[in-house]
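J.: Please find one structure pasted underneath; my questions will follow.
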Amino acid sequence: MDLLQLPSELLYLWHTYRTEVLLSAGILFAVVRLALHWRTRRSEQGLTRPALSSIEEKSLPALIQQPVELDQHTKLPSPRPPRPKIGPKRVTGTKRAKDISTAQELAIDSVQPLIFYYTLGGTTRVYAEHQASLLSSTSERILKPEVLDLAQIDYDDYFISPPKSPNANTALFYILLVPSYDIDTELSNFLAHLRETHHDFRIDTAPLAGLAGYAVFGVGDSREWRTEREGYCKDAIDVDKWMARLTGGRRGFPLGQGDTGSDGGVKKTLEEWTKGIKGMISGLAKGEGLGEGMKGSGEAIESEDEDGDDEAESGALVLENGRAENAESVRKPSKRSQTDDLEDLRAPIPVDFTTTRPSSKTIAPPPKAMVPVNSPTYNSLPKQGYTIVGSHSGVKICRWTKSALRGRGSCYKYSFYGIASHLCMEATPSLSCSNKCVFCWRHGTNPVGTTWRWTVDPPDLVFAGMKEGHYKKIKMMRGVPGVRAERFAEAMRIRHCALSLVGEPIFYPHINELLAMLHSERISSFLVCNAQHPDQLAALGPVTQLYVSIDASNKDSLRRIDRPLHRDFWERFLRCMDILREKRFTHRTVFRLTLVKGFNIEEEAEGYADLVARALPAFVEVKGVTYCGTSTAAGAGLSMGNVPFYEEVQAFVLSLEAALLRRGLEYGIAAEHAHSCCVLLADRGRFFKRAEGDEGGERKWHTLIDYAAFFRCLESGKAFGPEDYIGEPTPEWAAWGRGGFDPRDERVDRKGRPKAVEVVE
Ligand SMILES: Cc1cc2nc3c(=O)[nH]c(=O)nc-3n(C[C@H](O)[C@H](O)[C@H](O)COP(=O)(O)O)c2cc1C
Ligand code: SF4
């Protein structure tokens, strides 16, 4: 083909394929246009957020919630309206406890610190007060700290829900100063309360989430408890964990630990720690909240992480005080994945019916000695003059025994009941008690507990050990100047046993056998119990005289003064009153009132009269407290100022007698022993009488005991009552107003110089 033919050829091709060409060009144009349009849109969209997938959406709040430092002039950007979500709503994560909301935190303008402490020896109270003074001077936003003794407060007022703060914008911050003890103390009770509250299905899982926060400082001794595994600061660690759960993780500051065994001592560490607390509380008072993201600073999930112990609790290795032994060996099961959703939850929850994990009830820890050899208690008791018998009993000779050996007078029991002190053994079969009375001489180190869970020594071992210990101490008096030979010889035959030394004798599971052993050797018995063990009281067999300590006339006062371990202490106390009323025909029952000025005297006579009306004891012994001058007493807030003068005791007794008369109860003042600051009221109908066979004679008080008659009654095997062994009339010198000192003895002052017998008119 030559070149002249090309145009006609092209024309021919055009006419043949023009339709296809035009169509293809149109399609190509459309494709290019579309491509250009799409590219433009994409570049525009790159400047804004892409539409969210449901997964991406979940991570976004975390970004948005990053704390932003704002000054007051900064305007918050108005939030973008939420995009409608596509697809089913997926719920993940765990339920958050109700807590102080961020809005509330911002509204806080002041913080009220509450410093809780517990103490046996008194030192932690001093630290608490010191810390309060360190926090006091800070700023207007931090209110004056309140210092609260855990042994004095009602846990329900503070640890089920927070108390009301002084005003709406004031938040409460709890600081807990917690020493540790390897014995049962009220702290065990407090820990049990926290644990029970956490597990109580009627109470929110985080009932204390309304607090601004909390912090715990532990006090321990690393010389003896070297590591946390060995028990160093263990009680504080437990308190911290429970508080994390109860507050939904509002730990404001890490657990502090003060070591009494370290060079700098506890004070220095506490001061450092308090500096940190101060800064943190200041932040709270400015509405800064606890902050986020810092370990231990506020997310409830953190305390969930600590729930491993719950598993240990339900496992086999739980001790009665709620602590898990060897908790590491009890692993928690793996948690549900954080991505579990509601749909997953519709499936039946798999339950392993084959589980063989024994419950805490099936494997109890083996019982331990109440006072283990080389424990602090074991080491401290002999220093206080006690002889430890076996693993839970003790004996000690009292100052009146020594005094009587030297002819310098016996105690009030001689004046009231005819017991010569040099013939008396003072002992206890249980050094443990369920109270922690402010005036107790136990120096704060003796074990306490609500139930007997120690090894039990047989009664014959206890009895033999008591006698041996007593005689050994009497023999040591042999060379003491002034000891009268005839009294020393008499003292080598025990005639009476006062089961009242320390602890709670009725707690001993073989108390009836022990009493029977005493009686079989013609040793009379006085038993003093604390009105906390009604079942044991009801089951108690014969005893020459049965005492119940009545340390207060009402619930609040009893809590304050006896600091009982039982939560139902008042119900137990009242039940004991009713049991005593029933026993009044079989036992010589006595109320022992120990008066402590500022605690249980003022305006309580009416309350005591009501209790007498309820129990109808044969006698009411009223005694002023003896100040033992220990740090425990000081720790409990007791000083010489709390010891009433004898005139005050006398005035109280008169008002009690009047209150009883107003109730139609004929009790009268039968005897006194001014030297012991002690006065005896007795039931006039039973013990103010004429001498046997002297129908026309004068009525007299008959408070002495006919011990021979008591043993005759016992040995007869027949039922008998207090009226069957009433002794001679109460001596004249012991009558009201005569002082109660036997004129045959020599009265001396503290330095042994002769002293005139005072007669109190
Ligand atoms: C009977 C007794 C038991 C103790 N047990 C422990 C213990 O298990 N772990 C510990 O770290 N410290 C223990 N300690 C040391 C006390 O926690 C420490 O001395 C504390 O300062 C006592 O405080 P307080 O004087 O306020 O009672 C114990 C002390 C005593 C007297
Ligand atoms: S009754 Fe008590 S105070 Fe009196 S001598 Fe006996 S142990 Fe001592």
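No value in this document is a laboratory result; all are computed from the given coordinates. Note that this is a predicted model, so its numbers are computed, not measured. Backbone-built Cβ (ideal geometry, glycine too); neighbour counts: all protein chains shown.
J.: Among 565, 500, 479, whose Cα lies farthest out toward the positive end of the dipole of region 459-579, if unit charges sit on the beta carbon of Lys, Arg (+1) and Asp, Glu (-1)?
T.: With unit charges placed on the Cβ atoms, the residue in question is 479.
J.: Still on this model: Calculated FRET efficiency, residue 272 and residue 602, Cβ-Cβ r, R0 30 Å, to nearest 0.05?
T.: Computed FRET efficiency for residue 272 and residue 602 comes out at 0.10.
J.: Shifting gears a bit: Over 19 Å between Cα atoms, which of 413/475; 241/436; 413/467; 597/623; 413/473 qualify?
T.: Result: 413/475; 241/436; 413/467; 413/473 exceed 19 Å.
J.: Between residue 29 and residue 8, take the C-beta separation as r, use R0 = 41 Å, and let me know the FRET efficiency to the nearest 0.05.
T.: 0.90
J.: At 0.36 nm per residue, minus the direct Cα-Cα distance, what do residue 728 and residue 456 gain on full extension? Give it in nm, one decimal, please.
T.: 93.9 nm
J.: With a 10 Å Cβ neighbour count serving as the proxy for reagent exposure, in which order, fewest first, do 672, 698 appear?
T.: So the residues, fewest neighbours to most, are 698, 672.
J.: Quick one: Debye curve from the C-alpha atoms of region 186-255, no solvent, what's log10 I(q)/I(0) at q = 0.15 Å⁻¹?
T.: For region 186-255 at q = 0.15 Å⁻¹, log10 I(q)/I(0) is -0.52.
J.: What distance in nm lies between label points placed 7 Å from Cα along the C-beta direction at residue 538 and residue 398?
T.: 3.1
J.: Within 14 Å, Cβ to Cβ, of residue 464, how many net charges do the neighbouring residues add up to if Lys/Arg are +1 and Asp/Glu are -1?
T.: -3
J.: Starting with the fewest neighbours, write out 373, 543 ranked by other beta-carbon atoms found within 10 Å of each beta-carbon.
T.: Ascending Cβ contact count within 10 Å gives the list 373, 543.
J.: Turning to a different aspect of this structure: Fewest first, what order do 243, 466, 476, 577 take by the number of other Cβ atoms within 10 Å?
T.: 476, 577, 243, 466
J.: Among 280-286, 652-658, how do they line up from the highest to the lowest mean number of other beta-carbon atoms within 10 Å?
T.: Order by mean packing, descending: 280-286, 652-658.
J.: Using θ = phi - 60° and the Karplus form 6.51 cos²θ - 1.76 cosθ + 1.60, what ³J(HN,Hα) does each residue of region 377-390 get, whole Hz, x for Gly and Pro?
T.: Each residue of region 377-390 in turn: 5, 4, 6, 7, 4, x, 5, 8, x, 7, 9, 7, 10, x Hz.
J.: Still on this structure, I have one more. So how much slack lies between residue 556 and residue 227, counting 0.36 nm per residue of separation and subtracting their Cα-Cα distance, in nm?
T.: 114.5 nm is the gain from fully extending residue 556 to residue 227.
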